[in-house]
Amino acid sequence: MSKSLLELAVKAKDFQTHHVIDNVEFSIDQGQVVSLVGPSGCGKSTLLRIIAGLDADYQGEVRVKGEKPRLHSRDVGFIFQEPRLLPWLTVAENVGFDLGRAGGKHPRVHELLAEVGLADFANAYPKQLSGGMAQRAAIARGLFTQPALLLLDEPFSAVDAFTRMRLQDLLLSITSHHDTTLLMVTHDVNESAYLSDRVVVMASRPGRISGEIEVGLPRPRDRHNPQLTHRAADILNLLNGGQPESLVVSENPEQSVSSREPLFISRFNFAH
Amino acid sequence: MSLSSTAILPASGEASAGNSLRWQTLARKGLGLVVPVILLILWESVVRLGWVSAHLLPPPSELMFTLADLGQSGAIFGHIGVSALRVVIGFSIGAGLALIVGAAVGLSRCVEALLDPTFQAIRAIPSLAWVPLLLLWLGIDESPKITLIAIGAFFPVYLNFVAGIQNVDRKLVEVGGIYGLTGAKLITRIFLPASLPNLFTGLRSGLSLAWMFLVAAELIAATKGLGYLLTDGRETGRADLVIVAIIVLALLGKLSDSLLCWLERRLLAWRDVFDSRPS
């Protein structure tokens, strides 16, 4: 068995006197898509920052490909909630930012822009892009360094529902094409069920893991698949502090479907 | 081509109305000439009618002769050359120092705590108060003039650049961090471009102050330059010389500012701002 791409065991993380993370442990294998779901303030984004090397002030052990996380690791890419394109660079220069000033001319920039459907906008400035286009450019930038592990911090929360669905499918197709492992923080229960192999559900105060749901459905998935809806309901249940109803994974609907009516949740909102 | 298709993007609605728009632009620019032309006509007629003495207020027509005279002898070009050179050198030194010190103060809280109070205090000194001290220290040749101009150019550039750096979006700095940028690379690739709009505001007001301080320096001790021309005109009782010198100073100030403005438009084309009207 190959070693896990990411091994994470954060014993504790404190902001001043505030205990943010308490004993969070999980690992991710190469090629998996894993979501972190939890209420605001449960430390999801902090975990991503730790893995990206943006935050080194914690107790515990984190290993990416067996190495301590550090900034500018070839192995880790990061996509933020907002596109965060540098407004003074063209789209192509943003995607190739890693290579410096001449980065926009790298052939991979144009391959990636074609993949995300922005080939015609290589020389446009970010101000000329719509929100969804800008986030596509940000995805291309995150993939440019060909990271083994791509971290996403609520990447689609700022775009409309239709764009979000298209971006989700785009992300899946591109990352499977590049064999990228994904760890994504999201607030959207349906999104996590649709995209992930596994969903790690967290609780807050202090941030800890309250459970894990194995989605285990083949791709491409149908958004209206009742099994998917059940997984989403399980995730929601865990979030609400209840017991998961079907942790047993099965391809056979009869075994995993509980007696309850399927819950149709659109976008679960944790904002207070 | 992708380049041409994207270049059209922001102006797609205006492309069809190109011709009439050009006329509108011309008309808007022409509108700015109305008041000066009326003033010139008033000025000329007031003197011609004998309401004001031509000795105190030479009419525009006479100023043209004075200017032509100065141009024919080449004297005016000498004065312009000397003054422009002083401004260029003084402004470069002042703005250059402001860039270095401003970057240090903007990026480091420690340096800010150390230096900023001192600079704020020095900034409060009225410009002319420096003149006697600079004359005492540096004599009456070029160095006190250039120092004075450099002091004038320093503060606007310094203040705006520091503000620009401190207002850089933390999220963009984080992007630089993700890509492993630190130190000089983080400054040149994130902080400098992000604070460029503020820097240009500083450079433009620094340049206009540089011209102001040039006149202050040349009024007091100079044998050449536009400030000298002003003094010369006053001492020989020639108001026409004084007015010509004033007009040339205004033109040079406007010209150098337009140059910076042009550069600003070119370098800051990426900005997503309200004022993106065609010019």
(request) Filter the range A:137-187 for residues that are open to solvent by 20 Å² or more (accessible area, probe 1.4 Å) and either under 17 Å from A:LEU36 (Cα atoms) or assigned to a strand (DSSP E or B) (or both) and give the result. (result) A:ASP153, A:GLU154, A:SER157, A:LEU172, A:HIS187
(request) Determine, yes or no, whether B:ALA15 is under 30 Å from B:TRP270 (Cα atoms) and at pLDDT below 90. (result) yes
(request) Name every residue in the range B:168-194 that is surrounded by fewer than 18 Cβ atoms within 10 Å (Cβ to Cβ), facing chain A (nearest Cβ under 8 Å) and part of a helix (DSSP H, G or I), in order of residue number. (result) B:LYS171, B:GLU174
(request) Report yes if some residue within the range A:226-237 is under 14 Å from A:SER35 (Cβ atoms), out of contact with any helix residue (DSSP H, G or I) (no Cβ under 9 Å at 6 or more places or on another chain) and surrounded by fewer than 22 Cβ atoms within 10 Å (Cβ to Cβ); otherwise report no. (result) no
(message) Given the criterion in contact (Cβ under 8 Å) with a residue 40 or more places away in the chain, closer than 26 Å to B:LEU67 by Cβ and surrounded by fewer than 18 Cβ atoms within 10 Å (Cβ to Cβ), identify the matching residue among B:LEU229, B:LEU252.
(response) B:LEU252
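Condition check ((1) buried (at least 23 other Cβ atoms within 10 Å of the Cβ); (2) more than 9 Å from chain B (Cβ to nearest Cβ); (3) more than 29 Å from A:ARG164 (Cα to Cα); (4) small (Gly, Ala, Ser)) across all residues:
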position	(1), (2), (3), (4)
A:HIS19	no, yes, yes, no
A:ILE28	no, yes, no, no
A:CYS42	yes, yes, no, no
A:SER45	no, yes, no, yes
A:LYS68	no, yes, yes, no
A:HIS72	no, no, no, no
A:ARG101	no, no, yes, no
(request) Take the range A:105-131 and flag every residue that is open to solvent by less than 10 Å² (accessible area, probe 1.4 Å) and either outside any loop (DSSP other than H, G, I, E, B) or more than 13 Å from chain B (Cβ to nearest Cβ) (or both). (result) A:VAL109, A:LEU112, A:LEU113, A:VAL116
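The values are calculated or read from the model by the stated rules, or taken from the named source; none is laboratory data. Here the structure is a predicted model, which means the values were calculated and not measured. Cβ atoms come from the backbone with ideal geometry, glycine included; neighbour counts cover every protein chain shown. Ligands, DNA and RNA are excluded from the accessible area calculation, which covers all protein heavy atoms including side chains. Shrake-Rupley method; radii C 1.70, N 1.55, O 1.52, S 1.80 Å.
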